[in-house]
Amino acid sequence: MLKEEVKLYVRTSHLSRRPTSIAMSGVWIFDKKGVARLVSNPTRESFEQKEPPQPGTATAPGARPRVLVFLPANQIIRSYSDLEHRLTELGWTRYYAGNHPDLIQFHRSDDSAHLISLPRDFTNFRSPHMYDIVVKNRSFFEVRERDPPQH
């Protein structure tokens, strides 16, 4: 597998004379017409698939969908009500921030800096949100592939 780092230089403003460096890494895949696309987190399936399974997904094309699992009950979290129930059991409380109407937030306590911010619409609940929950509740949650591969 060939992996290449590409640097893109962008001038931040007309007053600045120094360009800002933005590094992108991944694998460039070319289609039959010579059009390239960058796959940030390539998987074997990325190379076998011509187009992403769902345009605009946050994961690499061909990546398997993930689910959040509450380990003590081996329960897949399928809704925010499931998640809120489990987080409440672990001492998290719903945080109502009026200045972020597009987010659902949970916090441990007023003395803690721990905050979980999630998109209000559960269909936008993605792997980075899941991993944020796992990191803040290490022995209680796990991220798994939705449908494990059959061998």
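Each value in this text was obtained by applying a stated rule to the coordinates, not by laboratory testing. Values in this document were obtained by computation on a predicted structure and should not be read as measured data. Backbone-built Cβ (ideal geometry, glycine too); neighbour counts: all protein chains shown.
Tabulated results
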{"quantity": "Net lengthening on full extension, Arg138/Ala73 (0.36 nm per residue, minus Cα-Cα)", "calculated": "21.9 nm"}
{"quantity": "Inter-probe distance in nm under a simple model that places probes 7 Å from Cα toward Cβ, at Arg146 and Ser112", "calculated": "3.0"}
